[in-house]
Structure formats: structure tokens, C-alpha cells
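Q: Pasting in a structure now, in C-alpha cells, and then I'll have a few things to ask.
The values are calculated or read from the model by the stated rules, or taken from the named source; none is laboratory data. On a predicted model such as this, the values are computed, not experimentally measured, just so you know. A quick note on method: Cβ atoms are made from the backbone with ideal geometry, for glycine too, and the neighbour counts reach across all protein chains shown.
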Amino acid sequence: MTIPSRTRAVRWHGRHDVRLETVPVPEPGPSDVVLRVAFCGICGSDLHEVASGPHAVPVREAHPLSGARAPIVLGHEFSGTVVGTGPLVGSVRPGDRVAVEPNYRCGRCTACRDGDYHVCAGFGFAGLMGDGGMAEYAVVPEYMVHRLPAGFDLAAAAVLEPAAVALHGVRRSGFEPGADAVVVGLGPVGLLVCALLRLLGAGRVIGFDPVPARRELAVRTGADAAWPPGPAGAGAVRETTGGDGAHIAFEVVGSQPAADLALACLRTRGELLLLGLVPELRLPAFEMVNAEQRMTTSVGYRDCHPELVALVGSGRLDLTAVVSEVVDLADAPKVLDEQARHGAHGVKTLVRCATEA
């Protein structure tokens, strides 16, 4: 396959400064893979950088593993087709469809040696700390790509990244089949938590979100009920669970009110699982200690993609259910800026990077 010398790419230059530019396609290293990108999802992390960054984007100094600094090609939720490889690449070849697991990893730090590459000492994401996939062509290390079965939907493959966040969170929790669960926040990750809990044999799954369309989608994808957040929510959960409350509550917003609601829904010896990112939280330690409730945190993911690919391939998990719109690459800068200023009206926006996708 012919690899062009230049590609159109959406690059972050600064706060509310995102541009569609034509830039050189990087020369692949010995262990790199060149992709013709099909789809790239817009994530809340991207919007955070557009609205008020830099937060994760390196500006003054290059990231230690990517070697990149702003301007950065955005996009860490992407899929595509292999069009070239470095001489040391053996796991994929041109023509293969792949999903990208965008974690940079050094392979040398304690976390990497323990298999916890998602918390590598030099952690970063392609698309935030290095050039990502919101482009016609992208170059990534071989360890980031997962070969997909023939015919695997590349739009669904672009949603494997947020699905991995959801699956890792469920794995980090003490969830067991039959457990009653609450999910506070029904964005893409929260919706996928609901779907995975249902697949894994949850008892009751109850979601909370202020947006009616998201609540309706939650019920279609795995939740037994979905309600607007409010002071009556915890009481409704207890009534639904026979007066006890939920075994596990997933906080997927990153806010004090969401954490308060999640905790209020828990039974004695229940578990709060924090997936949302928030600088700090106030916790009712006295009540939690007396009820022997525990709190667990989850960030990113590791070793999730093979299980998710199998679930999607078998038809048990529909990742495209959370896709609310698909926009062309040329329109991505405008969409990013609008969503950063006013919020996303749907759930997951995908950018079509290749015209044939």
C-alpha cells in the first residue's frame, strides 16, 4: 500500500485553537505501525484540553516517551487499517484492521515490570501527550495495536477504548454476579459500565443522569432503571433493593454531588468505585467506617481489548449503540470547539478520518 508523505490532521495549538492542517506523515521507526485511520472518537479529555488546556498536552518540554510537544494531533480513541510497518514488527501486516490501545509505556519501571503498564512512570496517551489518531494517517508503536477479526466494524473498534475504561473499572471493583449496582453518570463510559454489568450477571443495575436521552439509552443497553439525580434517588434505590441499598456504586462523573449520591445509595459493607476524575472529594469517613464501606479507584485500563473484541465479535456487546453522530475530519475542529464551549448534545461523536470509512 502506498503511504503518502503528508496527511490532514486535527492539531491542538492552545485553548480554543484547534486547526485542520496538512503535516508530514512521520517516518516509522523499526517497531512502528503506519495506519490509515478510519474513525476517531471525541473524548471528554479532548474537550477539556480545548476548553481550558493545557492539562495533559506537553507544551514546554516534550513527553519523555512520545518525544512530542504541542502542537499535538488530537484523538486517542481510534481504529484503522495497517498500511505499513517497521522491519521489527511481526504481529500485524498491511491490510490488517486494528484498534489502538493508546497508552505509552516504558517497559522498564516497576509498574511495567509488574504488568501494570497503564500506570507506567512515564504514562501518557497518544492523542494527548503525543500525536494521536484524528488524522488520515497515524504512526504508533506496535504494542499499541490490536489486530481485529476480518470484517470487524471499525466504527465499533473506535469505541473499544472507552469500553476498556469501563471494563477495567468493573474488574477493579468487587463485583460478583447477582450484585446490585448503581452507576452515577451515563456518558459513554457509564453506559458501557451498565452494559457490561448486565452481561456479567448483575442483579439490578440502576443509572442516574440529568439527560433524559441518556437515561433512555441506559435502559436499552443494560440498566433496569435510570433516574435523574436528586435527593430522592438514594431512597428509590433502597426501595428497589429491599431496603438495603446497592452492593456497588460507580461514580463516573468526577464531582462532589455525584460522589455524594453514589455513597448514599450503598448498603452496609458496600463499595464506591471512582472512575470520574476530580481534584478532591469530601467523604463521610465516620459513616463509612461504621458501615465498613470501602472505596476503590480505577484509571485507564490494561489487558481489556481481547475480551472486548470477543464480546463484540460474538454479538453480545454493541459498542455502536453509544455513537450519536459521525462527522467528517474537515468539520472536527468546529465540532470540538462547539462541544468544548457548550457541551456535547449526544453521547459519543466519531470523526470519520478516511473518506472510504
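Yes or no, residue by residue, for (1) in a loop (DSSP other than H, G, I, E, B); (2) touching an Asp or Glu at 6+ places or on another chain (Cβ under 9 Å); (3) in the same structural domain as residue 107 (by TED's automatic domain parsing):
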| site | (1), (2), (3) |
| --- | --- |
| 273 | no, yes, no |
| 277 | yes, no, no |
| 282 | yes, yes, no |
| 286 | no, no, no |
| 289 | no, no, no |
| 315 | yes, no, yes |
| 320 | no, yes, yes |
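Q: Need pairs with beta-carbon distance below 8 Å; first residue within 14 Å of residue 124 (Cα to Cα) and of a type in the set (Gly, Ala, Ser) and within the range 57-86, second part of a loop (DSSP other than H, G, I, E, B) and modelled with pLDDT under 95; sequence gap 6+ or separate chains.
A: Hits for this filter: zero, empty list.
Q: Now for a separate question. Just to be sure I understand, how many residues within the range 327-357 are surrounded by 15 or more Cβ atoms within 10 Å (Cβ to Cβ), modelled with pLDDT of 95 or more and not in a helix (DSSP H, G or I)?
A: Within the range 327-357, residues that are surrounded by 15 or more Cβ atoms within 10 Å (Cβ to Cβ), modelled with pLDDT of 95 or more and not in a helix (DSSP H, G or I) number 8.
Q: Still on this structure, please answer the following. Taking the range 73-109 as the search range and keeping residues that are closer than 28 Å to residue 54 by Cα and of a type in the set (S, T, N, Q), which one is surrounded by the fewest Cβ atoms within 10 Å (Cβ to Cβ)?
A: Among residues in the range 73-109 that are closer than 28 Å to residue 54 by Cα and of a type in the set (S, T, N, Q), the one surrounded by the fewest Cβ atoms within 10 Å (Cβ to Cβ) is 103.
Q: Looking at (1) crowded, with 18+ Cβ neighbours inside 10 Å; (2) modelled with pLDDT of 95 or more; (3) touching a Leu at 6+ places or on another chain (Cβ under 8 Å), which is the one condition that is false for residue 291?
A: Every condition holds for residue 291 apart from (1).
Q: So, one more: Say we look at the range 248-266 and pick out the residues that are assigned to a loop (DSSP other than H, G, I, E, B) and β-branched (Val, Ile, Thr); which of these is surrounded by the most Cβ atoms within 10 Å (Cβ to Cβ)?
A: Result: 252.
Q: Quick check, is residue 132 in contact (Cβ under 8 Å) with a residue 24 or more places away in the chain and over 19 Å from the mean Cα position of the chain (by Cα)?
A: So residue 132 fails the test.
Q: When you look at residue 133, is it within 18 Å of residue 41 (Cα to Cα), not basic (Lys, Arg) and not in a strand (DSSP E or B), yes or no?
A: Yes.
Q: A follow-up question, please. Could you please find all residues in the range 209-247 being of a type in the set (D, E, K, R) and in a loop (DSSP other than H, G, I, E, B)?
A: Listed by number, the residues that qualify are 209, 224, 244.
Q: Search the range 145-171 for residues being in contact (Cβ under 8 Å) with a residue 60 or more places away in the chain and more than 22 Å from residue 199 (Cβ to Cβ), and hand back the single one that is surrounded by the most Cβ atoms within 10 Å (Cβ to Cβ).
A: Going through the qualifying residues, I end up with 145.
Q: Looking at residue 310, is it under 23 Å from residue 100 (Cβ atoms) and loosely packed, with under 15 Cβ neighbours inside 10 Å?
A: In short, yes.
Q: Scan the range 297-311 and tell me whether some residue there is within 28 Å of residue 11 (Cβ to Cβ) and assigned to a helix (DSSP H, G or I). Walk me through it before giving the result.
A: At the first step, the residues of the range 297-311 found to be within 28 Å of residue 11 (Cβ to Cβ) are 299-301, 305.
Retained after the next criterion (residues that are assigned to a helix (DSSP H, G or I)): 305.
Within the range 297-311, one or more residues are within 28 Å of residue 11 (Cβ to Cβ) and assigned to a helix (DSSP H, G or I).
Q: Could you list all residues from the range 212-238 that are of a type outside the set (D, E, K, R) and more than 16 Å from residue 261 (Cβ to Cβ)?
A: Scanning the range 212-238 gives 212, 213, 217, 219, 221, 222.
Q: In addition: Given the options 63, 48, name the one that is over 23 Å from residue 107 (Cα atoms), of a type outside the set (S, T, N, Q) and either outside any loop (DSSP other than H, G, I, E, B) or modelled with pLDDT of 95 or more (or both).
A: Numbers: 63 fails: over 23 Å from residue 107 (Cα atoms).
Among 63, 48, only 48 is over 23 Å from residue 107 (Cα atoms), of a type outside the set (S, T, N, Q) and either outside any loop (DSSP other than H, G, I, E, B) or modelled with pLDDT of 95 or more (or both).
Q: Right, another one. Can you tell which of 282, 269, 302 is loosely packed, with under 15 Cβ neighbours inside 10 Å and touching a helix residue (DSSP H, G or I) at 6+ places or on another chain (Cβ under 7 Å)? Explain how you work it out, then say what you get.
A: On the way: 269 fails: touching a helix residue (DSSP H, G or I) at 6+ places or on another chain (Cβ under 7 Å); 302 fails: loosely packed, with under 15 Cβ neighbours inside 10 Å.
Going through 282, 269, 302 in turn, the sole match is 282.
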